[in-house]
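What follows is a set of notes on a single structure, which appears directly below.
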Amino acid sequence: MIPHRASFPEGFVFGAATAAYQIEGSSFGGAGPSHWDTFAATPGNVKHADSGAIACDHYHRWAEDLDLVKAAGFDAYRFSTSWSRVMPDGVTINPEGLDFYDRLVDGMAARGLRPFLTLYHWDLPAALSDKGGWRNRETCHRFGDFTEEVIRRIGDRVETVATINEPWCVAWLSHFLGAHAPGLRDIRAAARAMHHILLAHGVAIERLRALGQKNLGIVLNFDHASPASDRAEDLRAAAVQDAIFNRWFAQAIFQGSYPDLALEGLAPHLPPRWQSDLPLIGQKLDWLGVNYYTRHIHAAAPDTAWPATREVPGPLPKTQMGWEIYPEGLQGFLTRLERDYTKGLPLYVTENGMANDDHADIPDTVRESFIAGHFQAAQNAIAAGVNLRGFFYWSLLDNYEWAEGYEKRFGLVHVDYNTQVRTPKASWHALQRALARN
Ligand code: IFM
């Protein structure tokens, strides 16, 4: 059973999360092409060649979707602004785009929902991708321009602002592993993106503070790195992956440096004078968002190039994504972040959830017990002294799961993509019971 809100500290925030490209429909409202549109249009990149052109048609159905957030009993809604909707060519404003987000935050206020804004959740305008995207330092400054425009328009009505969602995905998954747009597999591109995405964060924080915006943070994702065995090579493989995935971003932001184990491979490819950007990257934040889904098991792969590791399948029950269900990892990251990095700074679990092959008529009891396990892990972390202030389920709706297309269903609400009919799943009802104020 999902722990009731009364078993969390007074004022703990419960929310549901989504992201622009995954639900809005990028073909509506004068949005320009993003690198996800072009990535999806390239054979073999996305299952069934699905794109976000229509997605959940949230651009037109946002009021119904906010009603679903409210009716479930959530306090807050985490959403993102699409850069290519606000600036179709990456620089010129599309008034319709800003009008849309204006309506959306007003819609949240009308329902008593607290808006948690993420400025960038991956929809880079294709015109900026043409100029090198996150490999190009200039993109960081164009990002600063974009964030200022959004905040000037809706900053007065949002509770928190995150600059970037999951820089590891923006940089490593997309430029080293090639699984997300722009689909590169190149260590130099990856190193530059790993640095520039953090620089973009720093540029935005500096500019938004100058505008007087409060409650600024970033959302990082964490993936527990387990060694495949106790052999020194496997311990090192897990430590290297931990450095790339979990420590690179947190260490830069909270300690002003990059981990040596990651620099071993990346330093030769970083942009010149990268060290001089670290103070901007490490500006003080007001909160940190933690996205957590799973763990991976790593073994040494001695015959391959750096980082010379490979993943080994794990024994735990898996979600539709093939990800092991491992709530202990969430507790571990929350306590580790508090101890080593954030030291009392407010933390939010900004994403946690699972994909399941569910349809409107199948009770998603697996998701209910997934949520229960992760709520329990959050409570254990709070009991251990972590300053955790809220928990957002990913995701409100079934939606566009990037390279997996529409096949993987993360939603509390089922979406029929032929009719766009929304049907709350059993887990939505279970959360509604857990969040009810008696
Ligand atoms: O759907 C994604 C989301 O866009 C970012 N975090 C992980 C989710 C599940 O893969």
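The values are calculated or read from the model by the stated rules, or taken from the named source; none is laboratory data. What you are looking at is a predicted structure, and each value in this text was computed from that prediction instead of being measured. As a convention, Cβ positions derive from the backbone with ideal geometry for all residues, glycine included, and neighbour counts pool all protein chains shown. Accessible surface is based on the protein model in full, side chains and every heavy atom, while ligands, DNA and RNA are left aside. Shrake-Rupley method; radii C 1.70, N 1.55, O 1.52, S 1.80 Å.
Some values worked out for this structure:
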| quantity | calculated |
| --- | --- |
| Partners for residue 284 among lysines (Cα-Cα distance below 23 Å; same-chain residues under 8 apart left out) | 214, 343 |
| For segment 393-424 versus segment 44-64, the gap between their alpha-carbon centres in whole angstrom | 9 |
| Set 318/425; 47/408; 70/408; 47/70; 47/131; 47/425 screened for pairs whose C-alpha atoms are more than 22 Å apart | 70/408; 47/70; 47/131; 47/425 |
| Among beta bridges that DSSP assigns inside the chain, antiparallel share in %, nearest 5 | 20 |
| Point-to-point label distance, residue 106-residue 308, nm (Cα→Cβ direction, 7 Å offset) | 6.0 |
| Residue 166 accessible area, 1.4 Å probe, all protein chains in place, Å² to nearest 10 | 10 |
| Average Cα contact separation per residue, segment 385-438, under 8 Å, 6 or more apart, as relative contact order % | 23 |
| Computed over the chain: relative contact order in percent, which uses C-alpha pairs under 8 Å that are six or more apart | 18 |
| Whole-number percent relative contact order across segment 218-276, with pairs defined as alpha carbons under 8 Å at least 6 apart | 25 |
| Probe 1.4 Å, all protein chains present, accessible-area order of 366, 150, largest first | 366, 150 |
| Segment 82-135-segment 178-203 distance, computed between alpha-carbon centres (Å) | 20 |
| Segment 300-416: C-alpha gyration tensor shape, a/c 1.5 cut-off, then a/b vs b/c | oblate |
| Computed accessible area, residue 128, all protein chains, 1.4 angstrom probe, square angstrom | 10 |
| Global form of the chain, assessed from the alpha-carbon gyration tensor, a/c cut-off 1.5 | rounded |
| Förster radius 30 Å - calculated FRET efficiency between residue 372 and residue 48, Cβ distance, rounded to 0.05 | 0.40 |
| Accessible area of segment 213-295 divided out per residue, in Å², using a probe of 1.4 angstrom | 37 |
| Accessible area of residue 429 in the full protein assembly, 1.4 Å probe (Å², nearest 10) | 80 |
| Value at 222 nm in deg cm²/dmol, rounded to 500, when DSSP H runs of n ≥ 4 in the chain each add -39,500 (n - 2.57) | -11000 deg cm²/dmol |
| Inter-probe distance in nm under a simple model that places probes 7 Å from Cα toward Cβ, at residue 99 and residue 276 | 4.5 |
| Kirkwood-type radius of segment 29-166, with distances r between different C-alpha atoms, in Å | 15.7 |
| Accessible surface, per residue, of segment 25-104 when the full set of protein chains is kept, probe 1.4 Å, Å² | 35 |
| Anisotropy class of segment 89-133 from Cα gyration tensor, a/c 1.5 cut | oblate |
| Ranking by accessible area, most exposed first, for 211, 397, 68 with a 1.4 Å probe | 211, 68, 397 |
| Residue-span extension gain [residue 301 to residue 235] - 0.36 nm each, minus C-alpha spacing | 22.6 nm |
| Solvent-accessible area, 1.4 Å probe, carbon plus sulfur percent, for the chain | 53 |
